[in-house]
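Worksheet: one structure, shown below.
The values are calculated or read from the model by the stated rules, or taken from the named source; none is laboratory data. Keep in mind it's a predicted model, so treat the numbers as computed, not measured. Neighbour counts run over all protein chains shown; Cβ positions are idealised from the backbone, glycine included.
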Amino acid sequence: MAIRERLSGNEAVAYAIRQINPDVMPAFPITPSTEIPQYVANDMANGKIDTEFIHVESEHSAMSAAIGAAAAGARVVTATSSCGMALMWEELYVAASDRLPVVLALVNRALSGPININADHSDSMGARDSGWIQIYAESNQEVYDNFLQAYPIAEHEAVRLPVMICQDGFITSHGVENILLLEDEKVREFVGEYCPAHYLLNADEPMAVGPYAVSAYYMETKRAQREAMIRAKRVILETAERFARLTGRKYGFFEEYRLEDADYAIVIIGSAAGTCKAAVDEIRSATGKKVGLLKIRVFRPFPEEELAMALRDKKAVAVLDRSEMFAAAGGPLGAEVRAALYSVKSRTEFVNYFYGLGGRDITVEDFKEVYRKLEELSKTHEVRDMYAYIGLRE
């Protein structure tokens, strides 16, 4: 019987951590993720969890400690945001190349500068090539559900890669929503015990972790990481299917909202998808125009083939990025989607927009305007506003 609660996204992550009861949590506070280790530490103090909390002097140290604990054979969790992730940068690559199944709760926040503490995806998108699996959430329910699926994915023998579970800072992290929680025993059964095949504290198998890789070995390491990322696609879907049997809540690489018969589609990541869904419903109800949404859940590994098949026959597609990358190809998500459509020789008209940087609001009316422009684009075949910023003060 599901437990009905009202929780913020940070509370939902902390609740999941209590239920999973990982071995080690090194963490350093940074807004807006600070509440997660705070709630977990409170559970430790009250005897609800026996996780070992490591007090560190920085986020770099937090990820370093996470790597050491994971290499020793422990199940590890940490949390951070924004500049905290930037300080972890070196260690993110180490965790991935050492094939350590660390789970990171990332509360998305704009990277400085200028200094900003509100939501955008510049932190996680900056780390998109570090070798971590990246899973994003629209709602608090999805944050909780994604976190429960993180360890079975990360620790799977075919994967052994770190996972970051991403949610939008202050929007889901601090906003309170109704949520359905699993009973503790069901979570423990679903997540299972962690039994690493190789670890430093195994006296019967002396080994080194993170050795210096000369030119004769480095490239093979990267190829092995890529192969693990490819295999992760299957494991992500298998884990989601098992989760659906347990809860009735279905997940995949992305969610298609009224997309099947849509002529015009928006592709987006994160909490703004809910606002876009409202726009889709209003447009269809008021005008009958066929508009739809594709909401990315799994950004790494990127589901190129599946996404291309879902969008290839649309008249026009707009990809909305919540992170700038100052590239001629557009934003991070835009570049990936454009490449996916190109790979299937799609004739779909394509446009890329930037929105929500530094926490800038995006409204139902903004989404309606995007759909209006997509309809115009499908008729004129002239892209006049590629890389435009939605809501920008001129």
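Put simply, of R249, R245 the only residue that is closer than 22 Å to E142 by Cβ, outside any helix (DSSP H, G or I) and out of contact with any Leu (no Cβ under 6 Å at 6 or more places or on another chain) is R249. Consider A327 carefully, then state whether it is crowded, with 22+ Cβ neighbours inside 10 Å, out of contact with any strand residue (DSSP E or B) (no Cβ under 7 Å at 6 or more places or on another chain), on the phi < 0 side of the Ramachandran plot and not polar (S, T, N, Q). Criteria not met by A327. Restricted to the stretch 350-365, and to residues there that are surrounded by fewer than 21 Cβ atoms within 10 Å (Cβ to Cβ) and not hydrophobic (A, V, I, L, M, F, W, C), the residue that is farthest from the chain's Cα centre (by Cα) is E365.
To keep it simple, each residue is scored yes or no on (1) out of contact with any helix residue (DSSP H, G or I) (no Cβ under 6 Å at 6 or more places or on another chain); (2) surrounded by fewer than 22 Cβ atoms within 10 Å (Cβ to Cβ); (3) among the β-branched types (V, I, T); (4) at pLDDT 95 or above.
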site: S271; (1), (2), (3), (4): yes, no, no, yes
site: V280; (1), (2), (3), (4): yes, no, yes, yes
site: S285; (1), (2), (3), (4): yes, yes, no, yes
site: P301; (1), (2), (3), (4): no, yes, no, yes
site: V317; (1), (2), (3), (4): no, no, yes, yes
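Taken over the stretch 381-394, the residue count meeting the criterion of being free of Cβ contacts under 8 Å to residues at least 24 places away in the same chain and surrounded by 11 or more Cβ atoms within 10 Å (Cβ to Cβ) is 0. Restricting the stretch 35-66 to residues that are out of contact with any Phe, Trp or Tyr (no Cβ under 8 Å at 6 or more places or on another chain), assigned to a helix (DSSP H, G or I) and among the acidic types (D, E) leaves a set whose member that is surrounded by the most Cβ atoms within 10 Å (Cβ to Cβ) is E35. Checked against the criterion of being touching a Ser or Thr at 6+ places or on another chain (Cβ under 8 Å), of a type in the set (K, R) and either in the same structural domain as R231 (by TED's automatic domain parsing) or farther than 22 Å from G169 by Cα (or both), the candidates R338, R312, R347 yield just one match: R312. Per the conditions (1) of a type in the set (K, R); (2) farther than 17 Å from S139 by Cβ; (3) assigned to a helix (DSSP H, G or I), the sole criterion not satisfied by K289 is (3).
Just one of the listed residues (A95, A86) is among the aliphatic types (A, V, I, L, M), part of a helix (DSSP H, G or I), out of contact with any His (no Cβ under 8 Å at 6 or more places or on another chain) and closer than 26 Å to L200 by Cα, namely A95. Contact annotation: residue pairs with Cβ atoms under 6 Å, 6 or more positions apart or on different chains, pairing a residue in the stretch 202-220 that is under 16 Å from L100 (Cα atoms) and in the same structural domain as A71 (by TED's automatic domain parsing) with a partner that is surrounded by 10 or more Cβ atoms within 10 Å (Cβ to Cβ) and at pLDDT 95 or above, are V209/A71; V209/D98; G210/D98.
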